[in-house]
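Before any comments, here is the structure.
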Amino acid sequence: MTEETPGFEEKPDVPSGATPDDAEPTAAPEGAAPAGDESAAAQAQAQLAGLTAQLDQVRTALGERTADLQRLQAEYQNYRRRVERDRIAVKEVAIANLLTELLPVLDDIGRARDHGELVGGFKSVGESLETVTAKLGLQTFGKEGEPFDPMIHEALMHSYAPDVTETTCVAILQPGYRFGERTIRPARVAVAEPQPGAQAVKSEDATAEAADDKESGGPDEG
């Protein structure tokens, strides 16, 4: 039998160099967050703030680039419209110059037609030329009996006539030509004006007739 020494109790073996506190770790108080979690949360907030600032910068830069693109697009559209307008203007001037050079030929064709000389091959060529110039936009104007307009008529002859009440074109010496809104050549015409005193005579006659009607009690009723 083994004898036990009274007054001594057996204790668990403790490694050398270790304190009794190391043998049984102390539990952390309930509800206390570890220090590492707080620093991680602070770093996450700092990173979020940095990303938000970068996002704002990117949005600002995107807005500026979008505005620049819209401005360049508007300038390009204006440039295209200006180029197209200039191109049309240059084309119209070129066609108008060409038609102006052809007017003497058209006058010769017209005179030949008036004298019955537009026959044979010359007639075919003349009509073809008139067709081509009409397709290019050349228009003829000037008619006998229309009021004289110094903007589109050029008076080469002047006379008086009892049967007109205003300055009137009584003969078309050369037709006028226009291309679009541009007058290439005014119509060269002979004009007639009312005879001097004709209006006064008509006014006196009208006054006398009115007086006679008044004396006789008015015009006879049917």
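Observations, loosely collected:
- If you check Val132, Val105 for being aliphatic (A, V, I, L, M), open to solvent by 70 Å² or more (accessible area, probe 1.4 Å) and either at pLDDT 95 or above or within 30 Å of Gln174 (Cβ to Cβ) (or both), only one passes: Val132.
- Looking only at region 67-98, and only at residues there that are touching a strand residue (DSSP E or B) at 6+ places or on another chain (Cβ under 8 Å) and not small (Gly, Ala, Ser), the one that is farthest from Gly180 (Cα to Cα): Ile95
- Residue check for Asp37: of a type outside the set (Ser, Thr, Tyr) and either exposed (fewer than 10 other Cβ atoms within 10 Å of the Cβ) or touching a Cys at 6+ places or on another chain (Cβ under 6 Å) (or both): yes
- Within region 65-77, none of the residues are over 27 Å from the mean Cα position of the chain (by Cα) and modelled with pLDDT of 50 or more.
- When the test is whether a residue is modelled with pLDDT under 95, of a type in the set (Ser, Thr, Tyr) and closer than 21 Å to Leu99 by Cβ, Thr183 passes it.
- Single match in Glu127, Glu92, Glu117 (criterion: surrounded by 11 or more Cβ atoms within 10 Å (Cβ to Cβ) and under 24 Å from the mean Cα position of the chain (by Cα)): Glu92
- If only residues of region 98-157 that are assigned to a strand (DSSP E or B) and touching an Asp or Glu at 6+ places or on another chain (Cβ under 9 Å) are counted, the one that is nearest to Ala190 (Cα to Cα) is His153.
- The lone exception for Ala134 - which of (1) over 25 Å from Glu92 (Cβ atoms); (2) without any contact (Cβ under 8 Å) to a residue 12 or more places away in the chain it fails: (1)
The values are calculated or read from the model by the stated rules, or taken from the named source; none is laboratory data. Please read these numbers as outputs of a predicted model, since none were measured by experiment. Counting neighbours? That spans all protein chains shown, and the Cβs are built from the backbone with ideal geometry, glycine included. These accessible areas exclude ligands, DNA and RNA; they are computed on the full protein's heavy atoms, side chains included. Shrake-Rupley method; radii C 1.70, N 1.55, O 1.52, S 1.80 Å.
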